[in-house]
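No value in this document is a laboratory result; all are computed from the given coordinates. The model shown is predicted, which means the values in this text are computed figures rather than measured ones. For neighbour counting, all protein chains shown are included, and Cβ atoms are generated from backbone atoms with ideal geometry for every residue, glycine included.
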Amino acid sequence: MSEAQTYQSLSGATWQEAPSVLPDAQTKRLAQHLQQAHNIPIAIAMHLARHGVTSESLDDFLEPRLRNSLPDPLVMRDADKAIGRICDAIEEGHPIGLFGDYDVDGACSAALFRQVLGQFGIPVYCHIPDRFSEGYGPNITALKQLKEKGARLIITVDCGITAHEPLAEAAEQNMDVLVIDHHKAGPTLPVATAVVNPNRLDDDSRLGYLCAAGVCFLVLAGVMRECRTRNITPPSGTMPDLLTLLDMVGLATVCDVVPLRDVNRVFVKQGLKMLATRQNLGLRHLCDVAGLAAAPTTHTLGFLLGPRINAGGRLGQSDLGIQLLTAQDADIAGSLALRLDELNVERRATEQAVQLQAEALAEEQLTEDAARPVLILSGQGWHEGVIGIVAGRLKDKYNRPVIVIAFDDEGRGKGSGRGVPGLSLGDVIQAARQDGLLLSGGGHDMAAGLSLHRDKLAAFTSFVNGRASAAFGDAPPKRSFVASHTLSVAGCTSDITDWLEKVGPFGVGHPEPRFIITHCQLKNLRWVGAEKQHLSVQLDDKTARPLSAICFSAATTPLGRALAATPDLGPVSVLGRVRVDSFRGGGAVQLHIEDIAIG
């Protein structure tokens, strides 16, 4: 593997050996032991060994259980205050107001509280702000409306950590507010009865990797424990079963792109099992309209369900997500799922129009300065509901942080950014806000949102590029592929794909292993797809019958252009992921190519 770094990648990327928590020699010995003791293919055994999985911990890794992984909620700062105050409200029967965010994490967070608290028979009012008329985070008008409905306690979920002015005004009007968030906090916290956020500067829980729904789940676990201590029970006599809600926690964890480590991995693994039972009416109907026929995977969460739930918030119907997630009537759930599916179709068309314009600007900027560390792309009248998706797509294409800003006619801009490892976008946006360059802003390492006036754009651009240059050096980060092990064509079998399913789920912090097939000939190259954008090819290393492989959306990439110019490259090394060919069915194994190197 180490010599793979010297290969001439056709995409211009570097290939690196996957890192290990153990020294190399110890990793290899552990992998050999796992292979022999548990009959695990060596390629999979190496992946497990690099993560420090031993014979003793193998079962827990493959089948993680929440009871062994769930942190004590009280390790988070202010969690005791929040849990006690929520239990007081339950005990006294006081109505509770929820103020959420309009994305998947916000909808799932609010749905968790509504599902649990509702079982205690107390009224639960929820407000999800309109992205366009209200913007992100709590506003005093909405907080007043919750109070006027009767809410004696208001809980902000997946937002609130930067809402200093509205929450200060709420305190002046004697509103009792709890903030439950996970976004980067500044040195000053908002005024609230309790602020539960593992990303507070004074929080030492080491749970900053949780999404908001994960934080909410922990708080609710603490609430259930305190309710048992106080002998508080719902009218039904049965306590809420938090495990039945893990489908929503897993959904939020994947869609908010937080690391799949520790309890997050359990949330997703167990959440997928719960989703497969289809107990949540809304998610059941959403799976149906998305055409899901197979067992759900992280792809289901991130690419089928998540975008549809997000579509409501992106296109001005922000409360559809929580309505769907908490629906108790099948007909209503079905109608909501269909509406979200329709909005998702509309969202894709709107997104494509903005992406084409933003991509043209990106090419102009990179023509002027190919080493530009961050792309800040702005346009008049762009639909602000899709700029986050566009930023993510361009970040993937150009392998550097991208911030996309939509300006209105008054010169006020709303922006969304997506980051890459090596630079915390949330920290940069926080610093820019504290320097007076932004009207508002916040986020976490890989994603952030902001608002600013057009006359601050140049100064903001200079500020962000300065921070990025300090982090990246003279050039933006070069695309790098991390490979776990070499495989032969003969080794690409269903045994590998079966073990990959056991070892997952995969995502940020636990990436799906990539493998390298060396000394390989490319045969039967064909460009397929409606626009001939995908490359279909057979890989032949003489160890078995040639292996089917595909490289998606390769036509306009450096790799695709190199293959089109010189289809007969001679012996090559091919890097990719081993998958089951679900398109043709039948369980055939194929390689999803990500890069090819000469040598």
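For V508, list long-range residues whose amide hydrogen, built 1.01 Å from N in the peptide plane, is under 5 Å from its own amide hydrogen.
Answer set, sorted by chain and number: L260.
What 222 nm value per residue comes from the helices of the chain, counting each DSSP H run with n ≥ 4 as -39,500 (n - 2.57) and dividing by all residues, nearest 500 deg cm²/dmol?
Numbers: 20 runs with 244 residues, N = 599.
Computed mean residue ellipticity for the chain: -12500 deg cm²/dmol.
Tell me, what HN-Hα J-couplings in whole Hz come from the Karplus equation 6.51 cos²θ - 1.76 cosθ + 1.60 at θ = phi - 60° for each residue of the stretch 50-55, using x for Gly and Pro?
Going residue by residue, I get 5, 8, x, 6, 10, 4 Hz, with x marking Gly and Pro.
So if I place +1 on the C-beta of Lys and Arg and -1 on the C-beta of Asp and Glu, and nothing else carries charge, what would the dipole magnitude of the stretch 177-265 be about its Cα centre? I want it in debye, nearest 20.
Working: 8 positive and 9 negative charges, 27 e Å.
Its charge dipole is roughly 140 debye.
If you split all Cα-Cα distances of the stretch 287-402 into 5 Å bins from zero, what percentages do you get per bin, shortest first?
For the stretch 287-402, the pair-distance distribution reads 2, 11, 19, 18, 16, 12, 10, 6, 4, 2, 1, 0.
In which sequence would I309, I403, I40 go, from the one with the fewest C-beta neighbours within 10 Å to the one with the most?
Numbers: I309 30, I403 27, I40 22.
Going from sparsest to densest Cβ surroundings: I40, I403, I309.
To make sure I understand, if each residue's beta carbon is the centre and we count other beta carbons within 10 Å, what order do L62, L563, L437 fall in, fewest to most?
Values: L62 15, L563 24, L437 21.
Exposure proxy ranking, most exposed first: L62, L437, L563.
Taking only the alpha-carbon positions of the stretch 496-553 and ignoring solvent, what does the Debye formula give for the base-10 log of I(q)/I(0) at q = 0.16 Å⁻¹?
Values returned for q = 0.16 Å⁻¹ are -0.71.
Output the direction-averaged projected area (hull surface divided by four) of the convex hull of the alpha-carbon atoms of the stretch 148-281, in nm². Let's see the in-between values first.
Values: hull surface 40.4 nm².
Quarter of the Cα hull surface area: 10.1 nm².
Return the long-range amide H neighbours of I155 (sequence gap of 5 or more, or a different chain), with a cut-off of under 5 Å between placed amide H atoms.
Hits under the 5 Å cutoff: G97, L98, F99, L178.
Straight-line reach from K147: which lysines have Cα under 28 Å away, leaving out those fewer than 8 places along the same chain?
K81, K184
Rounded if a/c is under 1.5, else prolate if a/b beats b/c, else oblate: with a ≥ b ≥ c from the C-alpha gyration tensor eigenvalues square-rooted, which is the stretch 69-340?
Numbers: a/c = 1.36, a/b = 1.29, b/c = 1.05.
It comes out rounded by the Cα gyration axes.
So if I place +1 on the C-beta of Lys and Arg and -1 on the C-beta of Asp and Glu, and nothing else carries charge, what would the dipole magnitude of the chain be about its Cα centre? I want it in debye, nearest 20. Mind dumping the intermediate values first?
Numbers: 56 positive and 67 negative charges, 220 e Å.
Dipole magnitude for the chain comes out near 1060 debye.
What FRET efficiency, computed as 1/(1 + (r/R0)^6) with R0 = 51 Å and r the Cβ-Cβ distance, is obtained for F61 and D409, rounded to the nearest 0.05? It would help to have the intermediate numbers written out before the result.
Details: r = 55 Å, r/R0 = 1.07.
E(calc), rounded to 0.05, equals 0.40.
Please order M274, M239, M76 by the number of other Cβ within 10 Å, starting at the fewest.
Least to most surrounded, the residues fall as M239, M274, M76.
Stokes-Einstein D for the stretch 20-62 at 4 °C, 1.567 mPa s, Kirkwood Rh over Cα pairs, in µm²/s?
Working: Rh = 9.8 Å.
It comes out at roughly 132 µm²/s.
What is the dipole size for the stretch 369-472, taken about its Cα centre, with +1 at each Lys and Arg Cβ and -1 at each Asp and Glu Cβ, in debye to the nearest 20? Write down the numbers at each step before the final one.
Working: 12 positive and 10 negative charges, 52 e Å.
With only Lys, Arg, Asp and Glu charged at Cβ, the dipole is about 260 debye.
Can you give the translational diffusion coefficient of the stretch 530-599 in µm²/s, computed by Stokes-Einstein from the Kirkwood radius over Cα pairs at 37 °C and 0.692 mPa s? Walk me through the numbers before you get to the answer.
Values: Rh = 12.8 Å.
Rounded to a whole number, D works out at 256 µm²/s.
Pick out, from G306, I90, G106, the residue whose Cα sits farthest towards the positive end of the charge dipole of the chain, with +1 on the Cβ of Lys and Arg and -1 on the Cβ of Asp and Glu.
G306
With just the Cα atoms defining each centre, how far is the stretch 12-56 from the stretch 136-152? Give it in Å.
53
From the phi angles alone, apply the Karplus equation (6.51, -1.76, 1.60; θ = phi - 60°) to the stretch 262-277 and give each ³J(HN,Hα) in whole Hz, x where the residue is Gly or Pro.
Listing the rounded values in order: 6, 5, 4, 5, 5, 3, 6, 4, 6, x, 5, 5, 5, 4, 5, 6 Hz.
Residue by residue through the stretch 319-335, what is 3J(HN,Hα) from phi via Karplus (6.51 cos²θ - 1.76 cosθ + 1.60, θ = phi - 60°)? Round to whole Hz and write x for glycine and proline.
8, 5, x, 5, 4, 5, 5, 10, 5, 10, 10, 4, 5, 5, 4, x, 5
Hey, how many Å between the Cα centroid of the stretch 174-252 and the Cα centroid of the stretch 426-474?
29
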